[in-house]
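Have a look at the structure below before the remarks.
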């Protein structure tokens, strides 16, 4: 989809429309998943050794996980710990779609502030 950039002088800009510089007109998830679903819904979009997902399945999984993450996060940050997997990719996209801030920690890594990843984040 072609993008059009219009440079409008401030004296001409409608007063009831907020001007925001540098913010793209789409979300990251929309850019990575949504457009592909509309163009090629049945093409393979994500796979690993155990999972193979079409664009439509990926979109549905991300949307469902985003709802749950939004409800369970309570507006706070979450710790994200996953190796390279389809499930980890879905979770990362869902965190982004839900607008939930996440701290990414590699498996077996150290949690900021102490503790081991995958264990109790309070270091117990």
For 50, 31, ascending order of other Cβ atoms within 10 Å (fewest first) is 50, 31
Given points 7 Å out from each Cα along the Cα-Cβ axis, report the residue 104 to residue 40 separation in nanometres with one decimal.
2.4 nm
Extension reserve of the residue 78-residue 31 stretch, reckoned as 0.36 nm per residue once the Cα distance is removed:
14.6 nm
Subtracting the Cα-Cα distance from 0.36 nm times the residue separation, let me have the gained length for residue 71 to residue 47 in nm, one decimal.
5.9 nm
Potential extension, residue 87-residue 56 segment - 0.36 nm per residue separation minus Cα distance
9.6 nm
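Bear in mind these aren't lab numbers, they're just calculated from the coordinates by the rules spelled out. Model, not experiment: these values are computed from the prediction. FYI the Cβ positions are ideal-geometry reconstructions off the backbone, even for glycines, and counts take in every protein chain you see.
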